[in-house]
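Colleague: Can you keep this structure in mind? I'll have questions shortly.
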Amino acid sequence: MKTQFIKITANPGELLVAREVKEKKFSAPLHYHPELELTLILESSGKRFIGDSIENFEPGDLVLVGENTPHFWCNNDNLSDDSYSLAIVVQFNKCFLGQNFFKLTGGEHIDKLINSSSRGICLKDPSIREIVKEKLLKILDLSTFEKTLALLEILNIFSKSDVYYLSSTGFKPYLNEIDCTRMNKVFNYVYHNINSSFDVSEIAGLLNMSVSAFSHYFKKRTQKTFTQFINETRIGNAKRLLIETDKSIAEIAYESGYNSLSNFNKQFDSLVKFSPKAFRKNY
């Protein structure tokens, strides 16, 4: 899969792009663009990649992604036949209202938010996320002027709320097409073979690297070891199966790549802080 530098073009007379994305699976690979992006997930689950952050996502996931920050929402591979992926995406240039608009109008707090968004930003308070969600659900039907006001309101909420950053403190967007293409190869291989045992040498071979070089390369770009990534991905898949199916815990463990039920229970409890049984009961 070739990574693209994506050019985003607003309609004539509009200052931003607001659209609904509905697909069987989100098709965009790991990519970047100079526009900032607000993404609200309405349907589907999987892994979210923002900069060097790798986390699970599910409906309600809301992220502000900065300019030129690599990002990618990767669906679980074994989705049901009637499932689909749905998101609302708003994209805009950091100077969409002019070079110094925020500084000249008392909006320095929004200017600061925009400048720190390269790490990916999420709202901490679920009630605040719900307020922003409602605004995004309405934004598609608004006029150009009202869309602009709605975006300003959302950015104002983000800038005045408790937030957390997804990528590590020292993260800087890497605008390297080779890196993005390599990481796409790894992500896609893992997601299409989630219930298999992984031979690191085989994956390193995909990138024409030695095992030690691959391990260093992966850790540098994701801030976690490849083994951590595999465990998190498998447990994320197991969580989805526990919620969406009536399969036994043993079946789910096997379908998520664990041949040992005791090891599955141990890894699940370590990452989720619940046993699989307790997690299913809570849902």
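Colleague: Please enumerate the residues belonging to region 236-276 that are among the basic types (Lys, Arg), closer than 21 Å to ASN76 by Cβ and loosely packed, with under 15 Cβ neighbours inside 10 Å.
Modeller: LYS247, the sole residue that qualifies.
Colleague: Based on what the data block shows, is SER27 more than 25 Å from LEU113 (Cα to Cα), in contact (Cβ under 8 Å) with a residue 40 or more places away in the chain and either buried (at least 21 other Cβ atoms within 10 Å of the Cβ) or out of contact with any helix residue (DSSP H, G or I) (no Cβ under 9 Å at 6 or more places or on another chain) (or both)?
Modeller: no
Colleague: May I ask you to list the residues in region 63-99 that are among the polar types (S, T, N, Q) and not in a strand (DSSP E or B)?
Modeller: ASN68, THR69, ASN76, ASN78, SER80, SER83, ASN93, GLN99
Colleague: Let me ask another. Quick check on region 167-188. Is at least one of its residues polar (S, T, N, Q), open to solvent by less than 50 Å² (accessible area, probe 1.4 Å) and under 23 Å from LEU15 (Cα atoms)? Let's see the steps before the verdict.
Modeller: Filtering region 167-188 for residues polar (S, T, N, Q) gives 167-169, 176, 181, 184, 188.
Subset that is open to solvent by less than 50 Å² (accessible area, probe 1.4 Å): 167-168, 181, 184, 188.
From the residues that got through so far, the ones that are under 23 Å from LEU15 (Cα atoms) too are none.
Within region 167-188, none of the residues are polar (S, T, N, Q), open to solvent by less than 50 Å² (accessible area, probe 1.4 Å) and under 23 Å from LEU15 (Cα atoms).
Colleague: Does VAL200 fit the bill of being in contact with a helix residue (DSSP H, G or I) (Cβ under 8 Å, 6 or more places away or on another chain), over 30 Å from ASP81 (Cβ atoms) and aliphatic (A, V, I, L, M)?
Modeller: Yes, satisfied.
Colleague: Please determine, by comparing only the residues of region 10-28 that are in a loop (DSSP other than H, G, I, E, B) and hydrophobic (A, V, I, L, M, F, W, C), which one is modelled with the highest pLDDT.
Modeller: Among them, the one singled out is PHE26.
The values are calculated or read from the model by the stated rules, or taken from the named source; none is laboratory data. For clarity, every value in this text was computed on a predicted model and none was experimentally measured. Every residue, glycine among them, receives a Cβ derived from its backbone with ideal geometry; neighbour counts consider all protein chains shown. These area figures cover heavy atoms from the full protein model, side chains too; ligands, DNA and RNA do not enter into them. Shrake-Rupley method; radii C 1.70, N 1.55, O 1.52, S 1.80 Å.
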